[in-house]
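Quick note: the coordinates plus some simple rules give every number you see, no bench work behind them. As the structure is a computational prediction, the values presented were derived from the model and not from experiment. Heads up, the Cβs are rebuilt from the backbone with ideal geometry, glycines too, and the neighbour counts pull from every protein chain shown.
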Protein chains: 2
Amino acid sequence: MGWFSKDIATMDDLFVHTLQDIYYAENQIRKALPDMVAKATSPALKQGFETHLRETEGHIGRLKEVFRMHGAQEKGVTCPAIDGIIKEANEIAGEVEDKQVLDAALIAAAQAVEHYEITRYGTLVAWAKQLGREDCAALLKQNLDEEAATDEKLTKLAMGGINRKAA
Amino acid sequence: MGWFSKDIATMDDLFVHTLQDIYYAENQIRKALPDMVAKATSPALKQGFETHLRETEGHIGRLKEVFRMHGAQEKGVTCPAIDGIIKEANEIAGEVEDKQVLDAALIAAAQAVEHYEITRYGTLVAWAKQLGREDCAALLKQNLDEEAATDEKLTKLAMGGINRKAA
């Protein structure tokens with residue numbers, strides 16, 4: 001969250017800024033995923049990243065709807081956390097030669113991304129409810145559930161052979 | 001993970017580098033926590049951060065033991081992800097004036113840290129098992145379980161009044 005001087009006075013301000021943080025993050029993830037699709041070797045992992053790219057576009061759509069419903073400015077604020085997580089993912093992709101080890105590293109990188117989104121959406125759902133915005137909470141919960149499902153799918157992919165082959 | 005050119009050839013290399021990544025991250029968290037203790041207003045949150053500071057020292061101790069058991073170099077490698085997550089946490093602390101809103105923001109920041117650790121330890125436990133290092137996996141699992149418990153405690157603190165008062 002890139003904020004200017006003391007501009008967060010209320011829980012509502014904090015909610016909107018965190019929305020803008022995850023909106024930026026989702027857009028960065030959308031940009032990063034095609035590269036992960038290209039680098040993955042396992043067809044199941046490649047397809048998993050493709051599916052998640054489409055889901056990410058859906059998440060961005062829901063966030064736009066939440067901005068509209070809440071009367072808040074639809075914009076992203078720079079989020080050093082997701083920038084750092086994606087930077088690590090790119091570093092991994094550049095430093096691993098063996099294709100199966102690379103798949104294992106890509107899964108780990110993608111799970112770090114998912115966990116960042118899970119924590120932010122978890123927080124946003126809670127804050128939306130506390131602010132009496134059940135309507136926003138319901139949409140944000142859909143994004144949260146999809147991120148959690150993606151994280152589980154990645155765990156299954158890792159357990160189901162990719163890492164085993166690489167080890 | 002800050003890596004040099006193509007130096008990760010095997011799953012074992014990937015495991016050791018990820019150990020060094022979380023070792024760096026735990027040390028950065030240890031440095032960041034006293035500031036979070038100082039900034040928290042709710043006595044329960046302050047105490048929670050203090051408890052987690054002691055746990056973090058325990059995690060670092062267990063990581064040293066894993067390095068020793070695995071015959072790997074005990075060192076950290078720069079981890080842009082945790083650096084970004086902590087940078088965000090510091091930005092929040094600087095931008096919120098109201099004490100109850102600040103507590104809510106600090107909880108969200110701490111949960112982002114926990115989720116980063118949960119994903120990395122989850123990956124490390126799986127890889128240790130695949131590499132036949134059940135001994136390392138058992139120690140890493142203890143760290144994982146404590147991070148997950150801390151995340152749950154933070155959720156309860158958030159739900160139990162801090163955010164509600166701030167809203």
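Helix A:11-39 and the longest principal axis of the Cα set of chain A meet at an angle near 20°. Relative contact order of region B:11-166, taken over Cα pairs closer than 8 Å and 6 or more residues apart, is 29 percent.
Sparsely packed loop sites in region A:75-167 (the trypsin sites (Lys or Arg not before Pro) outside DSSP H, G, I, E and B with at most 11 other Cβ atoms within 10 Å) comprise A:75.
Across region B:72-86, rounded Karplus estimates of 3J(HN,Hα) from the backbone phi angles (6.51 cos²θ - 1.76 cosθ + 1.60, θ = phi - 60°) give 10, 5, 7, 7, x, 10, 3, 10, x, 5, 5, 4, x, 5, 5 Hz, Gly and Pro being marked x. Here the spin labels are modelled as points 7 Å beyond Cα on the Cα-Cβ line, and at residue A:7 and residue A:134 they lie 3.3 nm apart. Taking H placed 1.01 Å from N in the peptide plane, check which residues at least 5 places from residue A:8 or on another chain put their amide H under 5 Å from its amide H. Hits under the 5 Å cutoff: B:97.
Highest mobility in the GNM of chain B, judged by mean-square fluctuation with C-alpha springs under 10 Å and restricted to B:28, B:100, B:130, is found for B:130.
Using 0.36 nm per residue and subtracting the Cα-Cα separation, the extra length available between residue B:159 and residue B:35 on full extension is 42.3 nm. Structure remark: mean-square fluctuation, Gaussian network model of chain A, C-alpha springs under 10 Å; the largest value among A:92, A:60, A:118 belongs to A:92. With its label point put 7 Å out from Cα toward Cβ, residue A:68 sits 6.0 nm from the same residue's point in the other copies, in order from shortest. The alpha carbons of region A:10-64 occupy a box of 47, 16, 13 Å along the principal axes, longest dimension given first. Comparing mean-square fluctuations of A:145, A:98, A:13 from a GNM of chain A with C-alpha springs under 10 Å, the top value falls on A:98. Shortest first, residue A:51 label-point distances to identical copies amount to 3.8 nm, with the label point at 7 Å from Cα along Cα→Cβ.
Overall, region A:1-159 carries a charge dipole of about 280 debye about its Cα centre when +1 sits on the Cβ of Lys and Arg and -1 on the Cβ of Asp and Glu, all other atoms neutral. Counting only Cβ charges, +1 for Lys and Arg and -1 for Asp and Glu, the dipole size of the protein assembly as shown around its Cα centre is about 260 debye. Its alpha carbons give region B:11-166 an Rg and a Dmax of 16.1, 51 Å.
Which residues among region B:74-115 fall inside the zone where the amide N is under 18 Å from a point 7 Å beyond the Cα of residue B:152, along Cα→Cβ? Residues B:111-112, B:114-115 fall inside that zone. Size descriptors for the protein assembly as shown (Cα atoms only): Rg and Dmax, in that order, 19.2, 57 Å. Between residue B:47 and residue B:90, the simple spin-label model (points 7 angstrom out along Cα→Cβ) gives 3.0 nm. Across identical copies of the chain, residue A:12 has label-point separations of 6.0 nm, listed in ascending order, with the point defined 7 angstrom from Cα along Cα→Cβ. Straight Cα distances below 25 angstrom link residue A:39 to the lysines A:31, A:87, A:99, A:153, A:156, A:165, B:6, with same-chain residues fewer than 8 positions distant left out.
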